[in-house]
Every structure is written in structure tokens, then in C-alpha cells.
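**Q** Before I ask anything, here is the structure I am working with.
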Amino acid sequence: QVQLVESGGGLVQPGGSLRLSCANSGGTINFYSMGWYRQAPGNQRDLVASISRGGTPTYADSAKGRFTISRDNAKNTVYLQMNTLKPEDAAVYYCNAKRLWMSGTGSDSYWGQGTHVTVSS
């Protein structure tokens, strides 16, 4: 079972840092690739960063060099360290867990409830 709970959002000044956490209260994340998405008002939900089951990260261009995604399978938690935050980073950040079907024809995808990030002076 997958129940994702995000935390760590809040208000930060431009140039500041935040660390988001996403824990699976339903159990292990070992079998899932994990991702962080964000959605600003009026915009679509976009991928920020993802990390494979083996720990290989991928970043959106907007996140490269500033954000770091990591996972701790022992704690069933994935993190997003966000540095040098900009006003345009403000959004609701969502955690996602995805597991491909053995057949390769689809996947199961789970979402957390989101955590708000505000970047403002």
C-alpha cells in the first residue's frame, strides 16, 4: 500500500533553502521510482526531479544545479533539497511514486496531498 505524506514546505526568502520530505506511511518505497512535481496556480503539474529505484536522479532544467533529490529506502522517504530558491519556484509540490507493471504496458502511480512552497521577501 502506498500513502505518501509530504512535509517541509513553507515560506522562504529568495535565495533561501528548503528541504521537502515525502514518506510512504503505507510501507516500502523500494519498488517505486519516486518523483517530485510542482503546480503553480493556473499551470499544469510539472516534473521537478525524479529518482529511480536504483538511485539515479533526473532533473528538470529549472532544477538543475539548485535542487537535489535523494531517497532513503530504509526510512521509506524521498527528499528534495532546494537551494537558491526563486519566486518562480513557488508552487504546491507533490510527491509521486510509480511502479511499472511487469508486462510493461502500464504503471501504478500514487500521489501525496502536496506541500506549499512560497518564495517571497
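**Q** Kindly report the accessible area of the chain per residue (heavy atoms of protein chains, probe 1.4 Å, no ligands, DNA or RNA), in Å². The partial results should precede the final answer.
**A** On the way: 6480 Å² over 121 residues.
The answer is 54 Å² per residue.
**Q** If Rh is defined by the Kirkwood formula over all Cα pairs and Rg also comes from Cα, what ratio Rg/Rh do you get for the range 21-64?
**A** Taking Rh as the inverse mean 1/r over Cα pairs, Rg/Rh reads 1.03.
**Q** Separate question: Nearest 5 is fine: what % of DSSP beta bridges in the chain come out antiparallel, could you say?
**A** Counting DSSP beta bridges with both partners in the chain, the antiparallel share is about 95 percent.
**Q** Could you give the nm distance between label points at R19 and T58, where each point is 7 Å from its Cα heading toward the beta carbon?
**A** 2.6
**Q** Excluding the sites themselves, what is the longest stretch of the chain that contains no chymotrypsin sites (Phe, Trp or Tyr not before Pro) in a DSSP loop with at most 14 other C-beta atoms within 10 Å?
**A** 32-100
**Q** Pop out the carbon and sulfur fraction of the accessible area of the chain as a percent, whole number, probe 1.4 Å.
**A** 48
**Q** What list of ³J(HN,Hα) values in whole Hz, one per residue of the range 53-65 in order, does the Karplus curve 6.51 cos²θ - 1.76 cosθ + 1.60 (θ = phi - 60°) give from phi, with Gly and Pro shown as x?
**A** Each residue's phi maps through the Karplus curve to give 4, x, x, 7, x, 9, 10, 5, 4, 5, 9, 4, x Hz.
**Q** On a full-extension model of 0.36 nm per residue, what is the gain between V5 and K86, subtracting their alpha-carbon distance, rounded to one decimal in nm?
**A** Here the segment from V5 to K86 would lengthen by 26.7 nm.
**Q** From the mean inverse distance of alpha carbon pairs (Kirkwood) and the Cα radius of gyration, derive Rg over Rh for the chain.
**A** My calculation puts Rg/Rh at 0.97.
**Q** Treat each spin label as a single point 7 Å out from the Cα along the C-beta direction, and report the M102 to K75 distance in nm.
**A** Result: 3.3 nm between the two label points.
**Q** Taking the Cβ of S21 as the center, what net charge do the other residues with Cβ under 10 Å away carry, scoring Lys and Arg +1 and Asp and Glu -1? Can you show the working numbers first?
**A** Numbers: positive: R19, K75; negative: E6, D72.
Summing Lys and Arg as +1 and Asp and Glu as -1 gives 0.
The values are calculated or read from the model by the stated rules, or taken from the named source; none is laboratory data. Only a predicted model underlies this, so the values are computations on that prediction, with no experimental measurement involved. For neighbour counting, all protein chains shown are included, and Cβ atoms are generated from backbone atoms with ideal geometry for every residue, glycine included. Remember, those area values only see protein heavy atoms, side chains included, never the ligands or the DNA or RNA. Shrake-Rupley method; radii C 1.70, N 1.55, O 1.52, S 1.80 Å.
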